[in-house]
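Have a look at the structure below, then the notes.
The values are calculated or read from the model by the stated rules, or taken from the named source; none is laboratory data. Everything numeric here is computed off the predicted structure, so don't read it as measured data. Quick reminder, even Gly has a Cβ in these numbers, built from the backbone with ideal geometry, and neighbours come from all protein chains shown. These area figures cover heavy atoms from the full protein model, side chains too; ligands, DNA and RNA do not enter into them. Shrake-Rupley method; radii C 1.70, N 1.55, O 1.52, S 1.80 Å.
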Amino acid sequence: MDEQTGAPSPVEAALTEAIATSPRRARTREKLLDAALSLFAEAGIATTSIEAICERAGFTRGAFYSNFADKAELLDTLATREQDEVIAQLRAAITAVAGPCTRDDENDVNAIGEIASTLLNSLTFDRRRAIVNSEMRVLAIRDQALAESYRAREELLLGAIGEELTRLIEATGQELLIPVRMFVRLLWAGFQHDLESVERSGPDSPSATELASEWMTVVTSRLTQPATTPHDA
């Protein structure tokens, strides 16, 4: 602060401005990300321009570039946001379905499969997210830079799913017959297939959760057994 005038210093003024604009900037970023998600799902990632994203969100190019260096940074931020939301939903859903488990579940090899089906039905799946993720997976095959970030996010997601499934399995008194990461990859690959299958089908086709429920109970019942060593309560 200037001792003579009492005016804030340039640094203090900049900090005050940053604090004041942070919520507004966060809202701007979210609107840009929401617009991008919709447009990427409708028209594709490659063909969607920055101008189209700005127009859909109701902002200028200046607003875009004050938040993202380019479309690649926006895409990476969007993918991270969507993944974080999936993980948060997963953790909340597992907490909800694992809570009611009883000691009777410990001798039921179908317990994990039945709970997994309940878990899928409790999650909220955004059709736009499924479409964009499928396109990103294809783009990652062609673009090494994109492949590295995609792989890193996928490993983080599968790791989080593995941790939560381990908690769920222990809560039901079961144990896996294969490593948890292998189990997660199997379930995730199958569910990704169901998500993409629904997008290729007509509007009257079963949902991805309905398709997954048909096989997930069978798979999990074959790959789990009552725990040979009791878990700590």
Among residues belonging to the range 24-66 that are acidic (Asp, Glu) and over 25 Å from the mean Cα position of the chain (by Cα), point out the one that is surrounded by the most Cβ atoms within 10 Å (Cβ to Cβ).
55
When only residues in the range 188-232 that are among the hydroxyl-bearing types (Ser, Thr, Tyr) and in a helix (DSSP H, G or I) count, which is surrounded by the most Cβ atoms within 10 Å (Cβ to Cβ)?
220
Starting from residues that are out of contact with any Lys or Arg (no Cβ under 9 Å at 6 or more places or on another chain), open to solvent by 40 Å² or more (accessible area, probe 1.4 Å) and within 17 Å of residue 216 (Cβ to Cβ), keep the ones in the range 90-136 and report whichever is modelled with the highest pLDDT.
125
Note on the range 72-85: residues under 18 Å from residue 135 (Cα atoms) and of a type outside the set (Ser, Thr, Tyr) are 72, 73, 74, 75, 76, 78, 79, 81, 82, 83
Of the residues 52, 26, 46, which is in a helix (DSSP H, G or I) and under 24 Å from residue 146 (Cβ atoms)?
52
Let me confirm something: among 181, 137, which residue is assigned to a helix (DSSP H, G or I), without any contact (Cβ under 8 Å) to a residue 60 or more places away in the chain and in contact with a Gly (Cβ under 8 Å, 6 or more places away or on another chain)?
181
Failed condition for residue 171, given (1) open to solvent by 30 Å² or more (accessible area, probe 1.4 Å); (2) of a type in the set (A, V, I, L, M, F, W, C); (3) within 20 Å of residue 88 (Cβ to Cβ); (4) modelled with pLDDT of 80 or more, with all others met?
(4)
Residue pairs within 7 Å by beta carbon, gap of at least six or interchain, first lying in the range 20-39 and of a type in the set (Val, Ile, Thr), second open to solvent by less than 70 Å² (accessible area, probe 1.4 Å), listed first then second, are 28/59; 28/63; 28/67
